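This report refers to the structure that appears directly beneath it.
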Amino acid sequence: MNIKPICDIARDAGAEILDVYQSDFDFKTKGDGSPLTLADQKAHTLIEKRLQALTPDIPVLSEESIDEVGETRLQWSRYWLVDPLDGTKEFIKRNGEFTVNIALIEDGVPSMGVVYAPVLETLYFAQRGEGAWKQSAQAAPKAIRTRSLDLEKVEIVASRSHLSEEVKQFAASFDTYSENVDLISMGSSLKLCLVAEGRADVYPRLGLTSEWDTAAAQCVVEAAGGKVIDCQLQPLRYGKQEILNPWFIVVGDPHVNYHCEGISIPVL
């Protein structure tokens, strides 16, 4: 399948989001305590309509449609998994660190992923086995790769809105091996993309996320040479009974041994 039309859909959803972002918008709180804006709803409507027109035989699961889809999704082996606006808290703060996420899931695995940051005009996209790419504004796309761990300077990505004690302890585990460990704060799935493009070494997410938060960026990370693993060191899977993800770690250098408590045996 050609990924370009999916990139175009993500960009157009981003334009819908920016229309709201540049206005005097309001928001409400959903049942799970997360915020919802008109931008989430407009992006969802555009993406769902365009994907259904493009691939009428592939169902769509969006964060904003989960209640109506229900457990029907468990019967799907191939479907689109969408977060129309990942990082609504960052959207409300107006810091620009939010994204549109679109992934194609096949047999529990993300085989195509598109992540678009509208304010930053930055697009990440990948197809399983075909590499990962970054495009800034209208420049030509550039191939991206994860980087090898260099203990002279370790960079750990942390959530801007969810810096937990567990993540602080994870970062402290590097003190045995390096005297130069930095935490980089970032919002939305951009955290995974920083690892994918070699601007950071690892992102521990030791807290709750949902499947639509990670699928597209996981595809980008894996196609760029990295891993997204749970505490049992297994890749994140999709289409589970429980829509929440387990704790996970985004790894740039696959030759390094990570676990949910940090790093144990650096292999360099």
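The values are calculated or read from the model by the stated rules, or taken from the named source; none is laboratory data. As the structure is a computational prediction, the values presented were derived from the model and not from experiment. Heads up, the Cβs are rebuilt from the backbone with ideal geometry, glycines too, and the neighbour counts pull from every protein chain shown.
A few points about this structure:
- Per-region count, segment 26-47, residues aromatic (Phe, Trp, Tyr) and either surrounded by fewer than 14 Cβ atoms within 10 Å (Cβ to Cβ) or modelled with pLDDT of 95 or more (or both): 0
- Among the residues making up segment 49-64, those that are surrounded by fewer than 19 Cβ atoms within 10 Å (Cβ to Cβ) and in a helix (DSSP H, G or I) are 49, 52, 53, 54.
- Count of segment 77-112 residues which are under 14 Å from the mean Cα position of the chain (by Cα), among the polar types (S, T, N, Q) and not in a strand (DSSP E or B): 1
- Within segment 250-261, residues that are part of a loop (DSSP other than H, G, I, E, B) reach partners that are basic (Lys, Arg) with beta carbons closer than 8 Å, at six or more positions or on different chains, in the pairs 252/147; 253/147; 254/227.
- Test for residue 220: is it assigned to a helix (DSSP H, G or I) and either farther than 11 Å from residue 192 by Cβ or under 15 Å from the mean Cα position of the chain (by Cα) (or both): yes
- Top-ranked residue of segment 158-177 - restricted to ones that are surrounded by 19 or more Cβ atoms within 10 Å (Cβ to Cβ) and either among the aromatic types (Phe, Trp, Tyr) or not assigned by TED's automatic domain parsing to the domain that holds residue 251 (or both), ranked as farthest from the chain's Cα centre (by Cα): 174
- The residues of segment 74-93 include none that are farther than 26 Å from residue 15 by Cβ and in contact with a helix residue (DSSP H, G or I) (Cβ under 8 Å, 6 or more places away or on another chain).
- Tallying residues that are under 16 Å from the mean Cα position of the chain (by Cα) and closer than 20 Å to residue 174 by Cβ within segment 118-155 yields 1.
- Filtering segment 128-144 to residues that are surrounded by 13 or more Cβ atoms within 10 Å (Cβ to Cβ), in contact (Cβ under 8 Å) with a residue 24 or more places away in the chain and in a loop (DSSP other than H, G, I, E, B) leaves 128, 131.
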